[in-house]
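Everything on this sheet refers to the single structure shown next.
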Amino acid sequence: MVQRRYARAHVGDALEVDIGEGHAFVLAHVEHQLPPGIDDERMTERLAPVLVAADLRRAAGHVRPRRPGGDDDLAYNPAQRLAYFAVVAVLFPAMIWTGLAMSPAVTAVVPFLVTVLGGQQSARTIHFAVACALVLFLAGHVAMVALSGFRVRMRGMITGRRAMSPGRA
């Protein structure tokens, strides 16, 4: 038991990650398979790929596209939440700010809008980059609607009702 805690801390320090409950289960399983008396460096060499692979699989599960079923289509995964937060809290305000900074009438009244951005040309460049990001965001949503069933999704957007499967009335 003492050796297992030391191994967990040693592997965690080697990978610079905190080992959670899932890793503790993998660690206990792998420790059970190792012969007694194995040194910590060999254990770290064997466990590092297992723990990194588990983290990568967990992260890929949030990003991998999949068709939602049942009530899963109403929930947003962490990647979707982060994307929507970035659009609402970063891109839209940046678009408004850079748009106002390009206006000579507004900059005559509030000149720091342009000064903070580094001039009107910088404001134009940032405005263009943000506009491109918003267009890509929109194109991604149109593609997702097309891939997940155009008629069903458009009907839901227009009427406000979602399609129900025959067994869920």
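No value in this document is a laboratory result; all are computed from the given coordinates. Just so you know, these numbers come straight off a predicted model, no measurement behind them. In this analysis, Cβ positions are derived from the backbone assuming ideal geometry, glycine residues included, and neighbour counts consider all displayed protein chains.
See the values below:
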{"read-out": "Derived scalar couplings ³J(HN,Hα) [the range 136-141; Karplus, 6.51 cos²θ - 1.76 cosθ + 1.60; whole Hz; x for Gly, Pro]", "value": "4, 4, 5, 4, x, 5"}
{"read-out": "Nearest-0.05 FRET efficiency for V152 and V109, computed from C-beta distance (R0 45 Å)", "value": "0.35"}
{"read-out": "Under the Karplus curve 6.51 cos²θ - 1.76 cosθ + 1.60, θ = phi - 60°, whole-Hz ³J(HN,Hα) for the range 81-92, x wherever Gly or Pro sits", "value": "4, 5, 5, 5, 4, 4, 5, 6, 8, 10, 5, 4"}
{"read-out": "Label-zone membership for the range 114-142, site L100, 7 angstrom Cα→C-beta point, backbone N under 12 Å", "value": "114"}
